[in-house]
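Asker: For reference, the structure I am asking about is given below.
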Amino acid sequence: MAKKHTVSIQGMHCQHCMMKVNQSLATLPGVSNIQVDLMEEQATFDAENTIDAKLVEQKIQVAGFTFLGLK
């Protein structure tokens, strides 16, 4: 069963930013149902496997944003 995760992200300003975050998170293995919320500055997603916070942080940083934490 997939587990829901929330990642806090700083630096998103527009739809294009949301798309970049979505595309970056989609490259993580076992991740699905990605929802990026510009106003809340976060993204939620389901993951089939254990998620490595460092890997999520790398994906967010490569997309050009600041990783603030994973819940």
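Asker: Which residue pairs have Cβ atoms closer than 7 Å, lie 6 or more positions apart in sequence or on different chains, and pair a first residue in segment 2-23 that is of a type in the set (K, R) with a second residue that is surrounded by fewer than 17 Cβ atoms within 10 Å (Cβ to Cβ) and assigned to a loop (DSSP other than H, G, I, E, B)?
Answerer: Final answer for the pair search is K20/G64.
Asker: Still on this model: Taking the conditions exactly as written (of a type in the set (S, T, N, Q), open to solvent by 40 Å² or more (accessible area, probe 1.4 Å) and touching an Asp or Glu at 6+ places or on another chain (Cβ under 6 Å)), does N49 satisfy them or not?
Answerer: Values: of a type in the set (S, T, N, Q): yes; open to solvent by 40 Å² or more (accessible area, probe 1.4 Å): yes; touching an Asp or Glu at 6+ places or on another chain (Cβ under 6 Å): no.
For N49, the condition - of a type in the set (S, T, N, Q), open to solvent by 40 Å² or more (accessible area, probe 1.4 Å) and touching an Asp or Glu at 6+ places or on another chain (Cβ under 6 Å) - is not met.
Asker: Mind listing whichever residues of segment 30-65 are touching a residue at least 40 places away in the same chain (Cβ under 8 Å) and part of a strand (DSSP E or B)? Steps first, please.
Answerer: As a first pass, look at segment 30-65 and keep what is touching a residue at least 40 places away in the same chain (Cβ under 8 Å): 44-48, 51, 56, 60, 63-65.
Scanning segment 30-65 gives T44, F45, D46, A47.
Asker: Residue check: is I9 of a type outside the set (K, R) and either within 10 Å of the chain's Cα centre (by Cα) or modelled with pLDDT of 95 or more (or both)?
Answerer: Working: of a type outside the set (K, R): yes; either within 10 Å of the chain's Cα centre (by Cα) or modelled with pLDDT of 95 or more (or both): yes.
Yes, satisfied.
Asker: List the number of the failed condition for V21; all other conditions in (1) in a helix (DSSP H, G or I); (2) of a type in the set (A, V, I, L, M, F, W, C); (3) open to solvent by 30 Å² or more (accessible area, probe 1.4 Å) hold.
Answerer: Tallying (1) in a helix (DSSP H, G or I); (2) of a type in the set (A, V, I, L, M, F, W, C); (3) open to solvent by 30 Å² or more (accessible area, probe 1.4 Å), V21 fails exactly one: (3).
The values are calculated or read from the model by the stated rules, or taken from the named source; none is laboratory data. For clarity, every value in this text was computed on a predicted model and none was experimentally measured. Positions of Cβ are generated from backbone atoms using ideal geometry, with glycine treated the same way; all protein chains shown enter the neighbour counts. Calculation scope for accessible area: heavy atoms of the full protein, side chains included, ligands and nucleic acids excluded. Shrake-Rupley method; radii C 1.70, N 1.55, O 1.52, S 1.80 Å.
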